[in-house]
Amino acid sequence: MDGNGRWAQRRGYPRAYGHVRGASRVKAIVQEADRLGVKALTLYAFSTENWGRPEPELKVLWKLLKRFLKKEEAALARENVRLRVIGEVERLGKDVREILDPAIERLSKNTGIQLTFAVSYGSRRELAFAMRRIAEEVAAGRLPAEEVTEERIQSYLWTADLGELSDVDLVIRTSGEQRVSNFLLWQAAYAEFVFPEICWPDFEPLHLVSAVEEFGRRDRRFGAVKSSHSIGEAPGLKTSYPALEERESIHATGTEGFNRDLE
Ligand code: FPP
């Protein structure tokens with residue numbers, strides 16, 4: 001969700017207004033992702049580095065997160081959206097936790113699109129926490145060092161409960177910046193990247209469609225040498241993403257209520 005501040009400043013507004021407009025984009029994008037058949041969507045809402053922002057800006061961000069939850073939880077529930085957060089949530093204020101935690105709990109059994117807000121999130125920190133816990137297990141003799149495999153490491157990350165969905169297929173970074181910025185470094189090891197020039201407050205559902213279509217045109221080889229057609233025959237390897245029409249036909253049903261409620 002990059003570019004809120006620049007979007008506002010270019011128009012002569014305070015940065016905070018960019019966040020207001022940015023937050024108002026979220027529901028339409030979740031709605032469109034669901035319609036496209038995206039199974040898991042993670043929005044990078046607040047990084048560990050963002051704690052360094054001025055206090056008034058932080059206040060606006062927390063207010064917007066709380067407002068989104070209060071306003072949209074019922075619609076998310078009706079449409080079977082499972083809400084999660086990843087990050088150091090214990091650093092968030094009591095007022096935010098009091099709204100966030102029960103909302104997550106109430107939506108936790110849902111089986112539709114897995115919507116994750118990365119809040120107070122940093123990928124290196126996530127990996128450091130995972131490594132520390134693994135080291136403790138090894139030191140205590142509960143985990144043999146040779147069992148510290150890729151799968152084991154994955155199971156200690158904040159995305160562990162997503163299972164195979166924790167592997168990111170597509171990262172979209174708005175605002176024209178072309179950096180990873182500490183986002184899902186492990187999980188995005190084989191992700192495709194798309195960098196739309198527009199800032200997040202201007203990011204419309206049609207831009208998401210365009211990014212997904214671009215993704216569909218990529219030849220994902222996962223380090224192999226042939227086209228995705230041939231590596232698809234190898235067990236355990238993902239093939240290319242289904243065509244947009246195919247995904248639409250699979251997921252076109254069941255989202256009407258959500259669409260209506262989010263209007
Ligand atoms: C990036 O823009 C955006 C953020 C740091 C905050 C986004 C979070 C919200 C809008 C709060 C509500 C969240 C949800 C999920 C409902 P930037 O300020 O870094 O933009 P810049 O790079 O142009 O300065």
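The numbers here are math on the coordinates, done by the rules we state, and not lab data. Note that the structure is predicted; figures quoted are calculated from it, not measured. Using ideal geometry, Cβ is built from the backbone for each residue, glycine included, and neighbour counts are taken over all protein chains shown.
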Classify the stretch 11-50: rounded, prolate or oblate, from the alpha-carbon gyration tensor (a ≥ b ≥ c, eigenvalue square roots; a/c under 1.5 rounded; otherwise prolate if a/b is larger than b/c)?
oblate
Apply the Debye scattering formula to the chain, with a single equal point scatterer on each alpha-carbon and no solvent, then give log10 I(q)/I(0) at q = 0.11 Å⁻¹.
-0.66
From largest to smallest, what semi-axes in whole angstrom does the stretch 1-154 give when each is the square root of 5 times an eigenvalue of its alpha carbon gyration tensor?
31, 21, 15
The chain: most fluctuating residue of 220, 142, 78 per GNM, C-alpha cutoff 10 Å:
142
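Show me the three semi-axes of the equivalent ellipsoid for the stretch 30-107, from the C-alpha gyration tensor (sqrt of 5 times each eigenvalue), largest first, rounded to whole Å.
23, 15, 11
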Packing-ranked peptide list from 38-46, 179-187, highest mean Cβ count within 10 angstrom first, is 38-46, 179-187
Can you compute 3J(HN,Hα) from phi for each residue in the stretch 113-122, using the Karplus curve 6.51 cos²θ - 1.76 cosθ + 1.60 with θ = phi - 60°, rounded to whole Hz and x for Gly and Pro?
4, 8, 9, 10, 9, 7, 10, 6, 9, x
Starting from the amide H of residue 192, placed 1.01 Å from N in the peptide plane, find each other amide H under 5 Å away whose residue is 5 or more places distant or on another chain.
170, 171
Kirkwood Rh, Cα atoms: Rg over Rh of the stretch 81-209:
1.01
Under a plain spin-label model, where a point goes 7 Å from the Cα along Cα-to-Cβ, how far apart in nm are residue 145 and residue 197?
5.3 nm
Name the residue, out of 118, 23, 189, whose mean-square fluctuation peaks in a Gaussian network model built on the chain with Cα pairs under 10 Å.
189
What helices does the chain have that are whole DSSP H segments, at least 20 Å long along their own axis by Cα, and with mean Kyte-Doolittle hydropathy of -1.0 or more?
55-78, 123-139
Computed about the Cα centre, the charge dipole of the chain from +1 Lys/Arg and -1 Asp/Glu charges at the Cβ has a magnitude in debye, to the nearest 20, of 900 debye
